[in-house]
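Structure first, commentary second.
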Amino acid sequence: RFADQRVVLDRFIVELPNSPLLPKVHTDIVIALDHLRQLDQSVKHLEEFAKLCAPGSAWSKGFAKTEDESKKVTGECLTSLNDTSLRLAKKWLKAWKKLPSDVTHAEASEKAFEIYLRTQGTGEEYYQSRFSYAELLFSRQKYRRASEEYAALSRSGAGGQIGHDAGYGALISLEKAVGEKWSNEDEKGFHQLAVDYVTKNPKGQYRLDIEYKMALLAYEKERYDEAAPLFLRLGRDFAREEKGLKAQDLYLDILNIKKDFRGIRNYAQELMKLNTEPVREAKMRRLYEQAYFLEVQGLEEKNQLKEALAGY
């Protein structure tokens, strides 16, 4: 008889606005509305519950005799609010995963998580809840907000797998939010998130992908002095992986743009030793020879004939 229960409890709030029992009353109303499948009303009442628990609320001042007593009842109220909002957030998230086409549960879960996370916390349950909230935002294609939540979790002290996944999630979400057009501000944000990830996870499984993207962004905006050292290191550290090979090619391209033929010759010679796969080695050998010839030709054009003769 949840509808009847709600009538009684609504009346209780009107008649006894300063009762110390109000946190329990609000909890029961929110749960009753959930049972009645009135999710929007349940969320709305969670917001009313949050106002009740706000520091210095009229309710806490209504019966608390001292400031310390007011803080105590407010803290107890917040604990009750957070327990209720987290329980419903998880329940509604589970319901949405069973039926993704019905977004009602997803919207309610998102708002309940938001209310719960307004109170800063620590510990495994808090970290897992924040991660679930970020995952929900990502699943609903709210990528920029998801990136912010992942980043906040990564920086909050969460360690282990969840800290690692949050750091990576922040980067992937930002990539999806931006698409193809990177503003200077977004690129700066990505760079900071990437540095955070690599610092915390020097052997993280996504280090290559992240640093490669960081270098590629600099390369595409023609900041070659910034991109070159990254490509050089990635090409050496991941010499036989796909993105490691791409990093090598892009480093060679930067040297070519700068007309640094000696640099190309030396690097191609190094790559022949790093990767002995026949096709790759043959390609590097051709580059080596071409760069060597262009370097010597340049000496001749500068009338440095003795050096050019020795080079030929």
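Find, among the trypsin sites (Lys or Arg not before Pro) in segment 239-305, those assigned to loop by DSSP (not H, G, I, E, B) with at most 14 other beta-carbon atoms within 10 angstrom.
Filter output for segment 239-305: Arg240, Lys258, Lys259, Lys302.
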At 10 °C in a medium of viscosity 1.306 mPa s, segment 267-312 has a Stokes-Einstein diffusion coefficient, with Rh taken as the Kirkwood radius over alpha carbon pairs, in µm² per second, of 140 µm²/s
Around Tyr143 (Cβ within 9 Å, Cβ-to-Cβ, excluding Tyr143; K/R +1, D/E -1) the net charge comes to +3
With all protein chains present and a 1.4 Å probe, how do His164, His191 order by accessible area, largest first?
His191, His164
Note: the chain, point scatterers on Cα, Debye, no solvent; log10 I/I(0) at q = 0.08, 0.15 Å⁻¹ equals -0.57, -1.14
Mean shadow of segment 66-198, computed from the convex hull of its alpha carbons, in nm²?
9.8 nm²
Residue-by-residue Karplus 3J(HN,Hα) for segment 133-142, coefficients 6.51, -1.76, 1.60, Hz, glycine and proline x:
5, 5, 4, 4, 4, 5, 4, 8, 6, 9
At 0.36 nm per residue, and after removing the present C-alpha to C-alpha distance, how many nm does the segment from Gln38 to Glu175 gain when stretched out fully?
45.7 nm
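For Glu281 and Glu125, calculate 0.36 nm times their separation in residues minus their Cα-Cα distance, and state this gained length in nm to one decimal. Before the final figure, lay out the partial values.
Values: separation 156, 0.36 × 156 = 56.16 nm, distance 5.26 nm.
Once the chain is fully extended between Glu281 and Glu125, it gains 50.9 nm.
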Out of Asp196, Asp165, Asp209, a Gaussian network model of the chain with alpha-carbon springs under 10 Å gives the largest mean-square fluctuation to Asp209
Given the Cα-Cα distance of Gln304 and Arg233 and 0.36 nm per residue of separation, how much length would full extension add, in nm?
22.2 nm
Take the solvent-accessible surface of the protein heavy atoms, probe 1.4 Å, and return the percent of it on segment 171-237 that carbon and sulfur atoms account for.
49 percent
Can you give the percent of C-alpha pairs in segment 21-72 whose distance is more than 18 Å?
38 percent
Leaving out ligands, DNA and RNA, and with a 1.4 Å probe, what % of the accessible surface on segment 31-157 is carbon or sulfur?
50 percent
Extend 7 Å from the Cα of Asp209 along its Cα-to-C-beta direction; within segment 133-167, residues with backbone N under 11 Å of that point are none
Please find the FRET efficiency linking Glu48 to Lys71, where r is the Cβ-Cβ separation and R0 is fixed at 25 Å, and quote it to the nearest 0.05.
0.75
List the relative contact order of segment 108-186 as a percent without decimals, with contacts defined as Cα pairs under 8 Å and 6+ residues apart.
26 percent
Rounded FRET efficiency, nearest 0.05, which uses the C-beta distance separating Leu274 from Thr79 and R0 of 51 Å:
0.30
Applying 1/(1 + (r/R0)^6) with R0 = 45 Å to the Cβ-Cβ distance of Thr199 and Leu21, what FRET efficiency is obtained, to the nearest 0.05?
0.35
Accessible area expressed per residue, the chain, with surrounding protein chains retained (probe 1.4 Å, Å²):
57 Å²
Ratio Rg/Rh [Cα only; Rh per Kirkwood] for segment 72-126
1.06
Compute the angle between helix 104-117 and the longest alpha-carbon principal axis of the chain, please, reported from 0 to 90 degrees and rounded to the nearest 10.
90 degrees
Could you list the square roots of 5 times each eigenvalue of the Cα gyration tensor of segment 134-270, that is, the equivalent ellipsoid semi-axes, sorted largest first and rounded to whole Å?
31, 16, 11
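The values are calculated or read from the model by the stated rules, or taken from the named source; none is laboratory data. Predicted, not measured: the structure shown is a model, and the values here were computed from it. Methodologically, a virtual Cβ is constructed for each residue, glycine included, from the backbone with ideal geometry; neighbour enumeration extends over all protein chains shown. These accessible areas exclude ligands, DNA and RNA; they are computed on the full protein's heavy atoms, side chains included. Shrake-Rupley method; radii C 1.70, N 1.55, O 1.52, S 1.80 Å.
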